Amino acid sequence: MFPPCRSSRPARKFPLQNASVIRMTKWEYVTVPLLTHATKQILDNWGDDGYELVAVVPGPNAEQLVAYMKRPKE
C-alpha cells in the first residue's frame, strides 16, 4: 500500500481572490437509429436541431448503426 500523499504547500484556509465560478454545461442526449442509405440526411436533420454527434455504434443487426447525440439543455 502506498503512503498518503503529502504536499509541501500548506492547505488554503481562505477563499481564492478573484476566483470565478464556471458553470458546467448540462446536456440532453438522444440515440438515433441510422439507416445506411440515409445516414447523412439523418445526421444533418439532427444537427439542424442543435445536436452534435458523440459516437456511432453497431445496432441490433449487422445492417444498422446507432448514433449517440447530445445538445446543451436550454
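The numbers here are math on the coordinates, done by the rules we state, and not lab data. Computed from a prediction, not measured in an experiment: that's the story for all the values here. Reconstructed Cβ throughout: ideal geometry from the backbone, glycine too, with neighbour counts over all protein chains shown.
Annotations for the structure displayed:
- Extension gain, Thr39 back to Trp27 (0.36 nm per residue minus Cα-Cα distance, nm): 2.0 nm
- Under-5 Å amide H pairs with Gly59, H placed in peptide plane, nonlocal only: Gln64, Leu65, Val66
- Estimated FRET transfer efficiency (Glu52, Asn18; beta-carbon r; R0 30 Å; 0.05): 0.35
- In order along the stretch 42-55, phi translates into HN-Hα couplings of 5, 5, 4, 4, 5, x, 5, 8, x, 8, 10, 6, 9, 7 Hz, rounded to whole numbers, per the Karplus curve 6.51 cos²θ - 1.76 cosθ + 1.60 with θ = phi - 60° and x for Gly and Pro.
- For the stretch 23-74, radius of gyration divided by Kirkwood radius, i.e. Rg to Rh on alpha-carbons: 1.03
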